[in-house]
Amino acid sequence: MNNNASSDNTFPLFLLLNKNINDNEIKSFLSNSNYAKKEIKEYIYLSSAIDGWSLCFRNNILEAIYLYNSVKPYSQYTKELPYKLNFSLVNTDIVQYFGDSKSKGGGNYPIWISYDHLGIEVHFLNMDWADNKNPITFFCLFDKDSKSNKEFNCIYLSLIFLL
């Protein structure tokens with residue numbers, strides 16, 4: 001693993017995870033954005049298409065942060081990304097940077113790879129791992145230390161919001 005990828009626990013967005021929707025830090029993050037709200041069962045999604053992000057709350061606690069790379073209806077998230085990542089990277093760059101992972105999928109839907117120990121999942125545009133230039137569509141940030149991490153699934157949560 002690249003030295004830059006070893007830990008990013010102080011990255012500002014990671015610090016929002018597990019906060020209540022009414023927490024002052026969440027309110028501060030939201031204060032400069034126009035965002036939409038969508039509720040489905042125990043989930044609340046706050047989403048800013050123009051700023052390229054969405055927040056997923058479960059029972060009012062922030063479980064996931066999605067940062068998009070110009071995926072309709074989202075504009076590209078233009079602020080700093082964790083682990084010194086950028087949206088010009090492709091699937092082979094990510095695997096070279098972080099190493100391979102047992103937690104990955106795709107084939108019938110666009111491929112993704114998760115680095116549970118780092119709290120990041122990376123989603124790509126195309127469905128084939130053999131496509132060595134497969135661009136990133138979004139990053140999903142989650143709490144790597146959460147007890148519910150084993151049950152956590154960024155792809156499922158993102159599909160709920162897009163319905």
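Could you sort 54-62, 86-94 so that the peptide with the highest average Cβ count within 10 Å comes first and the rest follow in order? Walk me through the numbers on the way to the answer.
Working: 54-62: 19.4, 86-94: 16.3.
Result, highest mean first: 54-62, 86-94.
About the Cα centre, and with charges only on the beta carbon of Lys, Arg (+1) and Asp, Glu (-1), how big is the dipole of region 3-162? Nearest 20 debye, please.
Roughly 240 debye for region 3-162.
Which length gain, in nm to one decimal place, applies between Asp23 and Met127 when the Cα-Cα distance is subtracted from 0.36 nm times their residue separation? Numbers along the way, then the final one.
Values: separation 104, 0.36 × 104 = 37.44 nm, distance 3.81 nm.
Full-extension gain reported as 33.6 nm.
What number results when the radius of gyration of region 3-162, computed over Cα atoms, is divided by 2.2 N^0.38 Å?
0.98
Looking at Phe57, Asn86, Ile136, which one has the Cα that reaches farthest to the positive end of the dipole of region 3-162 (charges on Cβ: Lys, Arg +1; Asp, Glu -1)?
Working it through, the farthest residue towards the positive pole turns out to be Phe57.
Within region 36-126, which GluC sites (Glu not before Pro) sit in a loop by DSSP and count at most 14 neighbouring Cβ atoms inside 10 Å?
Passing both the DSSP loop test and the Cβ count: Glu42, Glu80.
A short reminder: the numbers here are calculations on the coordinates, not readings from a lab. Predicted model only: the values in this text are computed from it and were never measured. Counting neighbours? That spans all protein chains shown, and the Cβs are built from the backbone with ideal geometry, glycine included.
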